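Trainee: Sending over a structure as structure tokens; questions will come in a sec.
The values are calculated or read from the model by the stated rules, or taken from the named source; none is laboratory data. From a predicted model like this one, the values you see are computed outputs, not experimental measurements. All Cβ positions, glycine included, derive from the backbone under ideal geometry; neighbour counts span all protein chains shown. For accessibility, only protein heavy atoms count, side chains too; no ligands or nucleic acids. Shrake-Rupley method; radii C 1.70, N 1.55, O 1.52, S 1.80 Å.
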Amino acid sequence: MNDGGSLCVKRLGLTGYAPALEAMKLFTATRDAQTPDEIWLLEHPPIFTLGQAGNSVHLLQNPAGIPMARIDRGGQITYHAPGQLVAYLLVDLPRRRVKVREFVHMMEEAVIATLAGYGLQAERKRGAPGVYINDAKIAALGLRVKRGCSYHGLALNVDVDLAPFSWINPCGYAGLRSTRLADFGIQDDVDAVGSHLLGHLQRLLPPVMAMPT
């Protein structure tokens with residue numbers, strides 16, 4: 001799927017975290033001014049990821065022996081597993097005339113609009129990137145920007161096992177509760193939710209602007 005040659009969407013299904021990260025890094029390192037932006041929709045096997053400035057003290061326990069990877073996005077610790085929709089946004093921000101803060105706001109807005117489509121009222125929290133319902137976190141965000149190009153993105157809990165979130169301080173916040181769409185009776189699977197989220201991302205993402213020559 002593409003948007004006038006400026007956006008390519010890839011549905012990757014269940015994908016190992018390490019291969020996905022290496023693919024994002026390679027794509028970003030080798031892209032040029034004509035490379036279309038990409039959005040990847042996928043799920044990961046169970047893994048904790050810790051941002052580049054993250055502190056491992058936020059992993060409180062790990063009775064299941066879930067692997068943890070220290071990675072190059074911003075933010076602290078979070079958890080990925082099947083049943084969670086991950087959207088990676090590989091976007092040339094200057095080409096779309098969007099600043100990083102505006103881009104993060106756009107991602108949050110796309111999640112909020114997706115949840116509104118299910119009749120759920122979600123919100124942001126000042127100083128704590130992500131999306132929340134009744135003070136429980138339902139979506140996490142984390143980005144890396146190199147040479148003006150973003151990678152990583154967002155993770156939205158659809159029907160993921162929430163127990164491992166209780167083994168960490170999600171995003172570095174002690175006692176932060178996590179929630180998921182299934183807790184509100186939503187039966188759509190990750191693919192269906194992904195289609196709704198994708199529509200909002202495509203609607204909200206600023207168009208590619210002609211770059212000066």
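Trainee: Run the accessible area of the chain with a 1.4 Å probe and give the carbon-and-sulfur part as a rounded percent.
Mentor: After summing per-atom areas, the C and S share lands at 53 percent.
Trainee: Now for a different question. Using only the alpha-carbon atoms of the stretch 66-115, report the extent along each of the three principal axes, biggest first, to the nearest angstrom.
Mentor: Sorted largest first, the three principal extents are 39, 28, 16 Å.
Trainee: Let me ask you something else. Between SER195 and LYS125, take the C-beta separation as r, use R0 = 30 Å, and let me know the FRET efficiency to the nearest 0.05. Working shown, then result.
Mentor: On the way: r = 27 Å, r/R0 = 0.89.
Using R0 = 30 Å, I get an efficiency of 0.65.
Trainee: Quick one: how many Å² of GLU22 are accessible to a 1.4 Å probe, rounded to 10?
Mentor: 110 Å²
Trainee: Roll a 1.4 Å probe over the protein chains and send me the accessible area per residue for the chain in Å².
Mentor: The answer is 46 Å² per residue.
Trainee: Hand me the trypsin sites (Lys or Arg not before Pro) from the stretch 1-99 located in a DSSP loop with no more than 13 other Cβ atoms within 10 Å, in residue order please.
Mentor: Numbers: sites: LYS10, ARG11, LYS25, ARG31, ARG70, ARG73, ARG95, ARG96, ARG97, LYS99; in loops: ARG31, ARG73, ARG97, LYS99.
Here the trypsin sites (Lys or Arg not before Pro) that fit, given the DSSP loop and packing criteria, are ARG97, LYS99.
Trainee: Taking 8 Å as the Cα distance limit and 6 or more residues as the minimum spacing, I'd like the relative contact order of the stretch 80-208 as a percentage.
Mentor: So the answer I get is 34 percent.
Trainee: Output needed for the stretch 1-158: three equivalent-ellipsoid semi-axes, defined as square roots of 5 times the C-alpha gyration tensor eigenvalues, in descending order, whole Å.
Mentor: 24, 20, 16
Trainee: Let me ask another. How much length, in nm to one decimal, is gained on full extension between ALA182 and ALA29, taken as 0.36 nm per residue of separation minus their Cα-Cα distance?
Mentor: Using 0.36 nm per residue and subtracting the Cα-Cα distance, I get 51.3 nm.
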